[in-house]
Structure formats: structure tokens, C-alpha cells
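Here is the structure we will look at.
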Amino acid sequence: MGLTVNGAPVALPEDPRVSLLDLLRDRLGLPGTKKGCNQGACGACTVLVDGMRILSCLALAVQYEGRSITTIEGLGTETALHPLQQAFIEHDGFQCGYCTPGQICSAVDMVAEARRGVPSHVTADLAEETILLDGAELRERMSGNLCRCGAHNGIIEAIAQSLETMA
Ligand code: FES
Ligand code: FES
């Protein structure tokens, strides 16, 4: 048994030391997911596992047997961009683009977390069933994704615009 990456079955690496990030980039040829710090500090390697965001540099591929992985390559296509991808373009949410795949994957689940009522450090009412994603919530919840180009204002504007169009 293996895992699924962007809807396609993939065999697990024989070497149990291979990280999920290295499996995606080096063995499957999916360079969209980026290696920034490789130690869990920057968020560049964020992917979705069964829809939930994780840092793939801190994950061993063999841990995810039977799970469904989605990378930036699985979120949209050149002719049918994901709403967040389109919004990042419209709001200058990137400069070099290195952090962008991780930002977008992270934002996809961040929105879902708020809709499930998962509180953040800045949530005032912990009993809210669905949490309103205002500027403070967006910045707090995206704080694990760093952008060395300083495009954070555009990133937040892009995510805010996308909230209504995301399923
Ligand atoms: S590369 Fe994984 S958090 Fe930086
Ligand atoms: S756009 Fe360059 S690191 Fe974010």
C-alpha cells in the first residue's frame, strides 16, 4: 500500500528516512512544494494531508501510508486557477514566488479551520462555531508561513478576497 498524491497512487519509498518533502520534490518531480529551512520554521513546504495542512519537511513519507496528499500542483491548473492562486496574482501576493505554494496550501486549510470553529491565539470567543477571519485572525493563522520578500500585505489581501469564493 502506498499513498495518493494529487489523486494518483504513489509507492512509498523503501528508505524510511525519506521525508515527505523529498519524496514529492526529488522522487516524484513535483517542485511546487518548496524546501526553505528544512526544519519546520518557514512554512515553504506546506502541503495538505487529507485536507489538513502540515509541514512536509518534518514528515516522513512512510508515516502517510494510505493518506491523500495535495500539493500546489493539485489545487489548480494553468487554465483553471484555484481562487487563491488568482487572488495572489491580483493582489501582488508574491515577488520571487518561493513561499507562494506553501502560503496557498496553508491558506486553504486555514479557512477550513476557521469554518470548523478551531480557535487561534487571537480568537476572543472560544465558543464561536464559525470564526470570522478578520485581519488579526488571518495574520495570526498565517504566521507560520514566512515571506522573505515581505509580500505579507498582498498575501493577506488575496486571502481576504478569496474567502467568499472558496468552497
Ligand atoms: S522547509 Fe519546511 S518549514 Fe521550512
Ligand atoms: S514571494 Fe519571495 S519569499 Fe515570499
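The values are calculated or read from the model by the stated rules, or taken from the named source; none is laboratory data. The structure presented is a predicted model; accordingly, all values stated were derived computationally and were not measured. All Cβ positions, even for glycine, are placed from backbone atoms using ideal geometry, and neighbour counts span all protein chains on display. Surface areas here come from the heavy atoms of the whole protein model, side chains and all, with no ligands, DNA or RNA. Shrake-Rupley method; radii C 1.70, N 1.55, O 1.52, S 1.80 Å.
Restricting attention to the range 25-46, report how many residues are within 16 Å of Cys99 (Cα to Cα) and either assigned to a helix (DSSP H, G or I) or touching a strand residue (DSSP E or B) at 6+ places or on another chain (Cβ under 6 Å) (or both). Steps first, answer last, please.
Keep residues of the range 25-46 that are within 16 Å of Cys99 (Cα to Cα), which gives 25, 30-46.
Subsequent filtering for residues that are either assigned to a helix (DSSP H, G or I) or touching a strand residue (DSSP E or B) at 6+ places or on another chain (Cβ under 6 Å) (or both) retains 25, 33, 40, 45-46.
Total meeting the criteria: 5.
Take Ile89 and tell me if it is among the hydrophobic types (A, V, I, L, M, F, W, C), under 21 Å from Gln161 (Cβ atoms) and open to solvent by 40 Å² or more (accessible area, probe 1.4 Å). Let's see the steps before the verdict.
Details: among the hydrophobic types (A, V, I, L, M, F, W, C): yes; under 21 Å from Gln161 (Cβ atoms): yes; open to solvent by 40 Å² or more (accessible area, probe 1.4 Å): yes.
Yes, satisfied.
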Please go through the range 87-119 and pick out each residue that is free of Cβ contacts under 8 Å to residues at least 24 places away in the same chain, away from ligand 2 (no atom under 16 Å from the Cβ) and over 17 Å from Ile54 (Cβ atoms).
-> Arg115, Gly117, Pro119
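Do you know which residues across the range 141-166 are more than 16 Å from ligand 2 (Cβ to nearest atom) and loosely packed, with under 15 Cβ neighbours inside 10 Å? Before the answer, list the steps.
Initial filter on the range 141-166 (more than 16 Å from ligand 2 (Cβ to nearest atom)): 141, 160-166.
Result: Glu164, Thr165.
Residues Thr123, Thr130: which one is among the hydroxyl-bearing types (Ser, Thr, Tyr) and farther than 27 Å from Ile69 by Cα? Spell out the reasoning first.
Numbers: Thr130 fails: farther than 27 Å from Ile69 by Cα.
Step by step, each of Thr123, Thr130 is checked, and only Thr123 is among the hydroxyl-bearing types (Ser, Thr, Tyr) and farther than 27 Å from Ile69 by Cα.
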Among all residue pairs at least 6 apart or on different chains, which show Cβ distances below 8 Å where the first residue, located in the range 34-48, is more than 14 Å from Leu20 (Cβ to Cβ) and the second is open to solvent by 40 Å² or more (accessible area, probe 1.4 Å) and away from ligand 2 (no atom under 13 Å from the Cβ)?
-> Gln39/Leu58; Gly43/Leu55; Gly43/Gly144
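Per-residue answers, yes or no, for (1) under 29 Å from Pro9 (Cα atoms); (2) part of a helix (DSSP H, G or I):
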| residue | (1), (2) |
| --- | --- |
| Gly93 | no, no |
| Tyr98 | yes, no |
| Cys105 | yes, yes |
| Asp109 | yes, yes |
Residues of the range 49-80 satisfying the condition of being free of Cβ contacts under 8 Å to residues at least 24 places away in the same chain, over 13 Å from Cys105 (Cα atoms) and not small (Gly, Ala, Ser) | Thr77, Glu78, Thr79
Is it the case that the range 47-60 has a residue that's farther than 26 Å from Arg115 by Cα and β-branched (Val, Ile, Thr)?
-> no
Among residues of the range 48-80 being near ligand 1 (Cβ under 10 Å from one of its atoms) and part of a strand (DSSP E or B), the residue nearest to Gly97 (Cα to Cα) is Leu55
Hey, does the range 29-42 have a residue that's closer than 26 Å to Ile131 by Cβ, open to solvent by less than 50 Å² (accessible area, probe 1.4 Å) and in contact with a Cys (Cβ under 9 Å, 6 or more places away or on another chain)?
-> yes
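Each row is one residue, and each column tells you yes or no for (1) in a helix (DSSP H, G or I); (2) small (Gly, Ala, Ser); (3) within 16 Å of ligand 1 (Cβ to nearest atom).
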| residue | (1), (2), (3) |
| --- | --- |
| Ala112 | yes, yes, no |
| Pro119 | no, no, no |
| Glu137 | yes, no, no |
| Cys147 | no, no, yes |
